[in-house]
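K.L.:
Sharing a structure here in structure tokens format.
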């Protein structure tokens with residue numbers, strides 16, 4: 001397959017075609033104009049000569065006689081290289097005088113004045129007929145003068161006129177072509193630079209391509225590409241994080257489970273053995289939770305990048321979490337309240353991710369806070385807020401400062417409560433352009449996911 | 001007389017192809033036949049043709065000398081029928097040559113030599129003027145001398161008026177019905193209307209003789225039969241070698257003729273004809289022609305003829321007027337009303 005042509009070549013080919021087409025049209029029209037001009041000028045000369053001859057006709061002895069004027073032929077000699085024809089016919093087409101008594105041109109419309117084309121000894125020629133009427137005592141009737149001339153001078157004049165007109169145009173065409181070439185080159189230079197940059201780029205290099213000083217269209221294109229690369233970079237990062245998190249988080253619990261399993265096996269006393277097995281079970285359950293959270297976080301991060309954003313009502317999210325009875329497993333017996341208003345609290349986000357974030361907020365409050373726990377959604381100005389409140393004092397300041405960081409597992413946090421929970425919330429907040437907010441007041445501790453609110457649907 | 005002349009012209013036209021040429025000469029013994037027809041006397045052109053035959057040994061050149069009207073009739077018939085044309089034609093009756101070219105009987109040729117010719121000696125690249133010959137007044141030096149020699153037409157008119165008895169029957173000129181060249185000169189004179197009319201009147205008053213053929217006219221002048229001959233070609237005077245014959249380039253105006261050369265459309269040896277044309281225009285041949293008087297030096301210093309008095313007969317379509325039947329009839333009528341025939345003994 002042939003290599004696709006470069007953009008600059010395409011544009012230049014197009015410009016060249018336009019110029020050529022225009023040139024052909026202009027040349028044709030110029031030629032036509034030149035031909036008309038030459039025809040008119042030499043037709044006038046022809047007519048002048050014919051009139052000259054007609055003027056020179058006298059009636060002598062009852063018959064027309066022509067005193068052929070030299071001036072008529074000097075007029076015709078304005079076309080110096082053309083052969084001429086003349087004939088003077090009396091009534092009934094009788095030849096009075098002419099170039100050659102044995103040969104004459106028949107006008108196509110005898111008796112009528114005007115120009116006509118015919119061949120003169122095999123060469124194309126132009127003729128004119130002029131009629132002069134005599135009403136005399138001795139002679140009455142019309143005398144017809146036919147004068148003709150070959151077309152060399154006309155062709156020469158046409159050619160010269162056309163060349164005179166076309167030469168500057170050809171020069172202008174050449175100049176236009178040069179200018180077009182320069183313009184196309186200039187316009188294409190940034191594109192070429194980018195092409196070169198991309199061609200030289202390391203396939204693993206996902207940094208943004210610089211877009212300064214580029215035309216708007218290309219900035220749009222490159223912007224899209226840069227966003228795509230950024231997302232790819234994020235995905236790669238997320239994958240890397242997932243792997244490292246998983247390795248980091250799982251290594252210790254799995255080692256602990258193994259040790260506990262071994263100690264349970266080595267325990268002979270049933271009571272001790274049963275306790276060891278209980279601990280093992282608890283550990284396993286905790287590992288399960290951890291795994292779930294890790295996967296959930298990975299999923300949230302992934303969806304934050306890739307899931308389509310839809311309109312979600314945060315009240316629905318809160319309601320769903322409320323109705324889902326997972327919390328009963330974590331902290332049975334803790335009273336849970338729902339606080340939502342009448343107005344919808346709309347955001348544009350991914351419902352699943354929001355659900356995960358809310359669930360983690362809730363489980364955190366259940367795990368670390370004091371009952372009663374309230375979950376709610378509200379609209380405050382341009383913010384849409386999904387929040388969870390408990391009655392406790394909240395985490396200590398040191399913990400608060402590092403809230404949401406990965407692997408933030410304080411001495412307080414039990415094994416089942418991983419540092420991952422709030423990092424999921426934070427990821428969701430980042431993915432949808434929001435933030436995590438904490439507030440401590442007399443009623444207790446409130447932690448919230450704050451997202452930009454979607455404007456109310458009309 | 002005019003009836004007779006027209007009958008003769010008619011006969012010449014009808015019988016043109018049959019009418020024999022006046023003389024024939026052959027040059028060279030090559031394989032290729034090359035036929036030249038011309039009005040120029042063989043004696044005058046011989047050195048030129050001989051030189052060409054020398055340069056082109058492959059040619060067998062036939063040179064036919066014709067009367068101008070017969071040559072025209074023959075060439076026209078050849079052109080119409082395409083039968084047996086000459087390879088090159090040149091004639092002093094240039095109006096006839098112009099007519100032939102105008103009737104598309106010639107073929108075009110261009111070379112540096114032809115392009116160098118002035119426009120008056122070239123038409124359509126099909127007709128070329130190869131010589132420079134003035135129309136002169138030849139006179140007998142013993143009969144006219146010193147102040148008696150008329151330097152221009154006015155002086156000639158005065159002389160005729162003053163001494164009609166002396167000039168009676170002793171002025172000769174071409175019979176324009178017979179001679180194409182004579183007709184051409186008369187036609188050209190008639191364009192200079194005033195003198196021409198007066199001159200013909202003067203000629204008729206002294207019973208001038210219209211006769212045929214340059215050689216005979218000049219012989220007549222040399223013998224003293226004619227005191228002077230009007231409008232004869234200078235080249236014939238120079239070639240006559242007659243010591244008693246003087247030559248006047250009229251100072252009011254002198255007609256200058258350039259023999260016209262054409263290559264007939266159907267010429268079999270067109271390329272050779274073109275070579276011959278280039279050969280004729282070389283400085284070598286022009287020098288040869290100058291010796292024969294065919295290329296006259298018309299310098300103001302040498303002849304006292306000013307540039308404004310030189311009337312070149314240009315090779316142009318306006319010469320077609322000269323051949324117009326009505327115009328010719330009128331001129332011949334005017335002429336015959338004026339002249340006595342020189343044929344009468």
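The values are calculated or read from the model by the stated rules, or taken from the named source; none is laboratory data. The model shown is predicted, which means the values in this text are computed figures rather than measured ones. Glycine also receives a Cβ, built like all others from the backbone with ideal geometry; neighbour counts cover every protein chain displayed.
K.L.:
Quick one: what pairs do we get from the range B:165-179, first residue at positive phi and in the same structural domain as residue B:330 (by TED's automatic domain parsing), second surrounded by fewer than 23 Cβ atoms within 10 Å (Cβ to Cβ) and at pLDDT below 90, C-beta under 9 Å, 6+ apart or different chains?
P.N.:
Taking only residues 6 or more apart or on different chains, the pairs are B:169/B:206; B:169/B:207; B:169/B:340.
K.L.:
Continuing with this model, one more query. Would you tally the residues in the range B:205-225 being part of a strand (DSSP E or B) and surrounded by fewer than 23 Cβ atoms within 10 Å (Cβ to Cβ)? Write out each step before concluding.
P.N.:
The initial filter retains those residues of the range B:205-225 that are part of a strand (DSSP E or B), namely B:209-211.
Going one step further and asking which of them are surrounded by fewer than 23 Cβ atoms within 10 Å (Cβ to Cβ), we end up with B:211.
So the count comes out to 1.
K.L.:
Separate question: Can you name the residue in the range A:71-87 that is surrounded by fewer than 17 Cβ atoms within 10 Å (Cβ to Cβ) and not in a loop (DSSP other than H, G, I, E, B) and, of all such residues, is nearest to the other protein chains (Cβ to nearest Cβ)?
P.N.:
My answer is A:74.
K.L.:
Still on this structure: Among the listed residues B:280, B:305, B:315, B:344, which satisfies the condition of being in a helix (DSSP H, G or I) and either modelled with pLDDT of 90 or more or out of contact with any helix residue (DSSP H, G or I) (no Cβ under 6 Å at 6 or more places or on another chain) (or both)?
P.N.:
Working: B:305 fails: in a helix (DSSP H, G or I); B:315 fails: in a helix (DSSP H, G or I); B:344 fails: in a helix (DSSP H, G or I).
That would be B:280, the only listed residue that is in a helix (DSSP H, G or I) and either modelled with pLDDT of 90 or more or out of contact with any helix residue (DSSP H, G or I) (no Cβ under 6 Å at 6 or more places or on another chain) (or both).
K.L.:
Kindly indicate whether any position in the range A:137-144 is within 20 Å of residue B:102 (Cβ to Cβ) and either buried (at least 17 other Cβ atoms within 10 Å of the Cβ) or modelled with pLDDT of 90 or more (or both).
P.N.:
So the first thing to find is which residues in the range A:137-144 are within 20 Å of residue B:102 (Cβ to Cβ), and the list is none.
No: zero hits.
K.L.:
Continuing with the same structure: List the pairs whose first member sits in the range B:47-74 and is outside the structural domain of residue B:33 (by TED's automatic domain parsing), whose second member is surrounded by 17 or more Cβ atoms within 10 Å (Cβ to Cβ), and whose Cβ atoms are under 6 Å apart, counting only residues at least 6 apart or on separate chains?
P.N.:
As it stands, the answer is none, since no pair meets every condition given.
K.L.:
Here are some conditions: (1) part of a loop (DSSP other than H, G, I, E, B); (2) over 29 Å from residue A:240 (Cβ atoms). Residue A:271 meets all but one. Which one does it not meet?
P.N.:
Only one criterion in (1) part of a loop (DSSP other than H, G, I, E, B); (2) over 29 Å from residue A:240 (Cβ atoms) is unmet by residue A:271, namely (1).
K.L.:
Of the conditions (1) part of a loop (DSSP other than H, G, I, E, B); (2) within 14 Å of another protein chain (Cβ to nearest Cβ), residue A:147 fails just one. Which one is it?
P.N.:
(1)
K.L.:
Now a separate question. Which numbered condition in (1) in a helix (DSSP H, G or I); (2) over 23 Å from residue B:103 (Cβ atoms); (3) within 14 Å of chain B (Cβ to nearest Cβ) is the only one that residue A:58 fails?
P.N.:
(1)
K.L.:
Could you please find all residues in the range B:92-128 being closer than 13 Å to residue B:323 by Cβ and touching a residue at least 60 places away in the same chain (Cβ under 8 Å)? Walk me through it before giving the result.
P.N.:
Of all residues in the range B:92-128, those closer than 13 Å to residue B:323 by Cβ come to B:93-103.
Result: B:93, B:94, B:95, B:96, B:97, B:98, B:99, B:100, B:101, B:102.
K.L.:
Taking the conditions exactly as written (in a helix (DSSP H, G or I), surrounded by 16 or more Cβ atoms within 10 Å (Cβ to Cβ) and within 13 Å of another protein chain (Cβ to nearest Cβ)), does residue A:53 satisfy them or not? Spell out the reasoning first.
P.N.:
Details: in a helix (DSSP H, G or I): yes; surrounded by 16 or more Cβ atoms within 10 Å (Cβ to Cβ): yes; within 13 Å of another protein chain (Cβ to nearest Cβ): yes.
For residue A:53, the condition - in a helix (DSSP H, G or I), surrounded by 16 or more Cβ atoms within 10 Å (Cβ to Cβ) and within 13 Å of another protein chain (Cβ to nearest Cβ) - is met.
K.L.:
Something else about it: What number of residues within the range B:228-244 are touching a strand residue (DSSP E or B) at 6+ places or on another chain (Cβ under 7 Å) and surrounded by fewer than 22 Cβ atoms within 10 Å (Cβ to Cβ)?
P.N.:
The initial filter retains those residues of the range B:228-244 that are touching a strand residue (DSSP E or B) at 6+ places or on another chain (Cβ under 7 Å), namely B:228-235, B:237, B:244.
Right, trim to surrounded by fewer than 22 Cβ atoms within 10 Å (Cβ to Cβ) and you get B:244.
Looking only at that region, the number is 1.
So that you can scan it fast, the table gives a plain yes or no per residue for (1) over 20 Å from residue B:197 (Cα atoms); (2) outside the structural domain of residue B:38 (by TED's automatic domain parsing); (3) in a helix (DSSP H, G or I); (4) modelled with pLDDT of 90 or more:
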{"site": "B:128", "(1), (2), (3), (4)": "yes, no, no, yes"}
{"site": "B:137", "(1), (2), (3), (4)": "no, yes, no, yes"}
{"site": "B:144", "(1), (2), (3), (4)": "yes, yes, no, no"}
{"site": "B:157", "(1), (2), (3), (4)": "no, yes, yes, yes"}
{"site": "B:160", "(1), (2), (3), (4)": "no, yes, yes, yes"}
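K.L.:
Consider residue B:230 carefully, then state whether it is in a strand (DSSP E or B) and in contact with a helix residue (DSSP H, G or I) (Cβ under 9 Å, 6 or more places away or on another chain). Break it down stepwise before answering.
P.N.:
Numbers: in a strand (DSSP E or B): yes; in contact with a helix residue (DSSP H, G or I) (Cβ under 9 Å, 6 or more places away or on another chain): yes.
So residue B:230 passes the test.
K.L.:
State all residues of the range A:88-99 that are surrounded by fewer than 23 Cβ atoms within 10 Å (Cβ to Cβ) and more than 8 Å from chain B (Cβ to nearest Cβ); if no residue qualifies, say none.
P.N.:
Residues satisfying the conditions are A:90, A:91, A:92, A:93, A:94, A:95.
K.L.:
I'm checking my understanding of the structure. Among residues of the range A:105-130 that are out of contact with any helix residue (DSSP H, G or I) (no Cβ under 8 Å at 6 or more places or on another chain) and surrounded by 15 or more Cβ atoms within 10 Å (Cβ to Cβ), which one is nearest to the other protein chains (Cβ to nearest Cβ)? Steps first, answer last, please.
P.N.:
From the range A:105-130, those out of contact with any helix residue (DSSP H, G or I) (no Cβ under 8 Å at 6 or more places or on another chain) are A:105-109, A:111-114, A:116-125; that's our starting set.
Checking which are surrounded by 15 or more Cβ atoms within 10 Å (Cβ to Cβ) leaves us with A:105, A:107, A:113, A:116, A:118, A:120-121, A:125.
On the way: A:105: 13, A:107: 20, A:113: 22, A:116: 19, A:118: 14, A:120: 8, A:121: 3, A:125: 11 Å.
Among those residues, the one meeting the criterion is A:121.
K.L.:
Tell me which of these residue A:66 doesn't satisfy, since it passes every other one: (1) over 18 Å from residue B:325 (Cβ atoms); (2) within 8 Å of another protein chain (Cβ to nearest Cβ); (3) modelled with pLDDT of 90 or more.
P.N.:
(1)
K.L.:
Being within 14 Å of chain B (Cβ to nearest Cβ) and either assigned to a loop (DSSP other than H, G, I, E, B) or within 30 Å of residue A:176 (Cβ to Cβ) (or both) is the requirement here; does residue A:102 meet it? First the steps, then the outcome.
P.N.:
Numbers: within 14 Å of chain B (Cβ to nearest Cβ): yes; either assigned to a loop (DSSP other than H, G, I, E, B) or within 30 Å of residue A:176 (Cβ to Cβ) (or both): yes.
Yes, satisfied.
K.L.:
Just one of (1) out of contact with any helix residue (DSSP H, G or I) (no Cβ under 8 Å at 6 or more places or on another chain); (2) surrounded by 18 or more Cβ atoms within 10 Å (Cβ to Cβ) trips up residue B:163, so point out which.
P.N.:
Single failed check for residue B:163: (2).
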